[in-house]
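Student: One structure follows; several queries about it will come next.
No value in this document is a laboratory result; all are computed from the given coordinates. Given the structure is predicted, the values throughout are model-derived calculations rather than measurements. Cβ placement follows ideal geometry from the backbone for every residue including glycine, while neighbour counts extend to all protein chains displayed.
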Amino acid sequence: MAGPRWTAYADAVLASLAKADGGPVDPARLAAAAAALHDAVIDEGGLLDELRRTAGLDLDELAVLALCAAVELDATRQRQVAALLEEDVRRPTLGLLARVFGSDNPGPLVLGEDRRLRRAALVDVVPAGPWAAWQVVVAAPVVWALAGDASLDPDLPPEAAVLPVDGPAGDPVGRLLVSGEDRTRRREAAARRLPGQHLLVTPLPATVEQWRAVVREATLSNLPVVVELRPVDGVESLPPVARREIERADHLAWCLSSRHELPLGDLPAGRWSEERALDAFATPDEVAAVLGEAGSRGHRIGADQLRLIGRLADPGPVDAAARRLAAGPLERSAQRITPRRRWEDLVLRPSEEQQLRELVARYRNRSTVHDEWGVPAVPSSGVIALFSGPSGTGKTTAAEIVAGELGLDLFVVDLSAVLSKYIGETEERLDAVFEAATAGSVVLLFDEADSLFGQRTSVTDARDRYANVEVSYLLQRIERWDGFAVLTTNLRQHLDQAFLRRIHVAVEFPAPEVDERRAIWRVALAPLPSAVTDEELDDLAERFELTGGAIRNAALTAAYLAADAGERVTAPLLVRGIGRELEKLGRLRDEAEFGPWFQHL
């Protein structure tokens, strides 16, 4: 039969069985065939020799694998097996192997659960009746590989991949723990310490079948395995089945990759080296290689974020790439606002506007201060801003303008999707928001922040205790976050004092004075067909103490009234809009306040 030289071993064994006619096989003939198999495997230097060395197979294990694999590869041998067994069974059985090897050889015992062939997931034993009738099955990916196909094992976890190793390697180790915030940096650390030119990188397998596929693929390709752990309910851990499978496959090099250091009690048996991947952010050279020479424009892009951006055929400028990172997960718990407002849309006193521009500069220059100048980012390089003031004074508009100036999208956190009456669930949902926002450079806006970051109270019952725990968690989480968050509140005095100490920039938005109100009226009327005179506008600005939001709403009401009447916006129509706003605010429409305009209500 045509084929590799090692298949001659199966032919010799099957021929000897046929001549024995149910009796024992000539031991001398079997020993000669085994020696020839050993020489052929080593001389050919193919996959079988690779498996012998990688899995640490002895001659008996190699002989059983060669015999069973050769039968899998050839229909003629399968018919010979069926004739020997005198039934329609086309694979070797444990009883057949016992006849081949005799009582002085381990024979079928090399297929025990704790032997190398099973530890490496190369073969399996299928129960079928009495023990001697159990069939030996070579795993399909092994047969495909012996036939010349090197496709990845289809039972691997969906995200498993073989990745090349770039850069110089250090002293190789067989067991490695890597921890750090950025997944790509952890992979790079693993590549430096594990042997070989490629890595098999996989999420934690979910089933025993997936574990065996990982072990089998790594054995077939002689690859170190990097298992990337992900938090479950906020905790990274290694389940017992994972520890068992790693301990069984002790012929492989393993790396456990996690954001946080794993408890020692979770580790599989053996001696483990540790490495911490600290530099989470991409360097300017790495950013330029993907996005061009424009640089990061103040975005502190993580190495793993840059890897994701690199998947796009044309990632575009860095601002567009940063927006793309946030697509998907964050939109399930926050509303995306693509900034359209500009500085000219917001009327502020010079001091408040200067604070907002400094806020933009603070975020934009984080890379310079922390990366180039080496100022420690303790506890993080994130920017937390507090916008406080009465409703309608421009807090949300200011957040949109700041986001637009930085080329970022604004995500308004939906408190109804975050707050929960169940203990611990609010923290979990908020953590998911922060994690999703970390995947892309965005501005998170927590509107009415006092509902989340309110003052802790004295404990009188269990509900108070858990409410205080919730606030404490939020304080710690937002302090460690490396992004940009804006919190707005009408009631600054209700915020917890510990939270106020964590604010980097606090901007007070007071109710506008006469000059600001006049400017706001002009901005609101600018796009409208207006017949309002300067004198009328001055009188409205002096007479009615309204916030910017109320002024814009009044102008909009007047616009609809003018459109319905088919005329331009006039001062009497603005007065009617003002009256509607005062009604909403619960204020009486006093004739003394309206003066000559009262007749137009």
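Student: With +1 on each Lys and Arg Cβ and -1 on each Asp and Glu Cβ, how big is the dipole of the range 5-147 about its Cα centre, in debye rounded to the nearest 20?
Tutor: 120 debye
Student: For the chain, what is the calculated [θ] at 222 nm in deg cm²/dmol (nearest 500), taking -39500 (n - 2.57) for each run of four or more DSSP H residues and dividing by its residue count?
Tutor: Dividing the helical sum by the residues of the chain leaves -13500 deg cm²/dmol.
Student: Another one. Can you give me the relative contact order of the range 514-600 as a percent, contacts being Cα pairs under 8 Å and 6 or more apart?
Tutor: 30 percent
Student: Let me check I've understood the local charge: for residue 137, count other residues with C-beta under 9 angstrom from its C-beta, Lys and Arg +1, Asp and Glu -1. What total comes out?
Tutor: Charge balance near residue 137 sits at -1.
Student: I would also like to ask the following. Would you mind counting up the charge near residue 584? Only other residues with Cβ under 14 Å from its Cβ, with Lys and Arg at +1 and Asp and Glu at -1.
Tutor: +3
Student: Positive end of the dipole of the chain, charges at C-beta (+1 Lys, Arg; -1 Asp, Glu), about the Cα centre: which of 32, 3, 240 has its Cα farthest in that direction?
Tutor: Ranked along the dipole, the leading option is 32.
Student: Count charges around residue 16 for me, please; just the other residues with Cβ under 15 Å from its Cβ, Lys/Arg as +1, Asp/Glu as -1.
Tutor: So the surrounding residues net to +1.
Student: Would you mind pulling out the separation of the Cα centroids of the range 514-530 and the range 543-601, in Å?
Tutor: After rounding, the separation between the Cα centres reads 13 Å.
Student: Additional query: With +1 assigned to the C-beta of every Lys and Arg and -1 to the C-beta of every Asp and Glu, and no other charges, what is the dipole magnitude of the chain about the Cα centre in debye, to the nearest 20?
Tutor: For the chain, the charge dipole is close to 540 debye.
Student: What percentage of all Cα-Cα pairs in the chain are separated by more than 41 Å?
Tutor: 49 percent
Student: Taking other Cβ within 10 Å of each residue's Cβ, how do 396, 368 sort, fewest first?
Tutor: Fewest to most other Cβ atoms nearby, the residues stand as 368, 396.
Student: Using the count of nearby Cβ atoms within 10 Å as a rough guide to exposure, how do 405, 274 rank from fewest to most?
Tutor: 274, 405
Student: Whole angstrom only: what separates the Cα centroid of the range 25-97 from the Cα centroid of the range 114-140?
Tutor: Comparing the Cα centres of the range 25-97 and the range 114-140, I get a distance of 14 Å.
Student: While we're here: Please arrange 397, 488 by counting, for each residue, the other beta carbons lying within 10 Å of its beta carbon, fewest first.
Tutor: Going from sparsest to densest Cβ surroundings: 397, 488.
Student: Further question on the same structure: DSSP loop (so not H, G, I, E, B), at most 11 other Cβ within 10 Å: list which GluC sites (Glu not before Pro) in the range 47-120 pass both filters.
Tutor: Within the range 47-120, the qualifying GluC sites (Glu not before Pro) (loop, at most 11 other Cβ atoms within 10 Å) are 86, 87, 113.
Student: Please pull out the direction-averaged projected area of the range 514-600, using the convex hull of its alpha-carbon atoms, in nm² to one decimal place.
Tutor: Mean shadow area of the hull around the Cα atoms is 5.1 nm².
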